[in-house]
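Report on one structure; see the data block that follows.
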Amino acid sequence: MTKYQDPSDYWWDKTTNSMRGDFESMYVDIADPWDCNANVDSLPNDLLLALLKRFGPVKRLLDVGCGAGALTDRLHRELTRPTGGGAASLSAVTSQPPRSGARRLTTAVPS
């Protein structure tokens, strides 16, 4: 059972029309509150990768607010390939608390 019915209720109080910011509870109650895993192959992420590859090589990349790391994993897979942007260093940071049994990604090993 979750604290709120709608994920947006964790961060926005609709009755007072103000910021609630209960992100810690949201991350505990909902496995993927921002649908990052479901949207890892979305058009915006495809465009980001295309731009990084086009204007590469990428020497360093920092994914701030990576959550569970779905996009970071994709960046690592695609930018460290010989045909990719050749990222020399890829790091990710998040304030999301780890869930039981979940892998917490803090840095991706360069190729």
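Ranked by the mean number of other Cβ atoms within 10 Å per residue, highest first, peptides 33-45, 67-79 order as 67-79, 33-45. Neighbour counts of other Cβ atoms within 10 Å put 26, 19 in the fewest-to-most order 19, 26.
Bear in mind that the values in this text are calculations on the coordinates, not laboratory data. Predicted model only: the values in this text are computed from it and were never measured. Note that each Cβ is placed from the backbone with ideal geometry, even for glycine, and that neighbours are counted across all protein chains shown.
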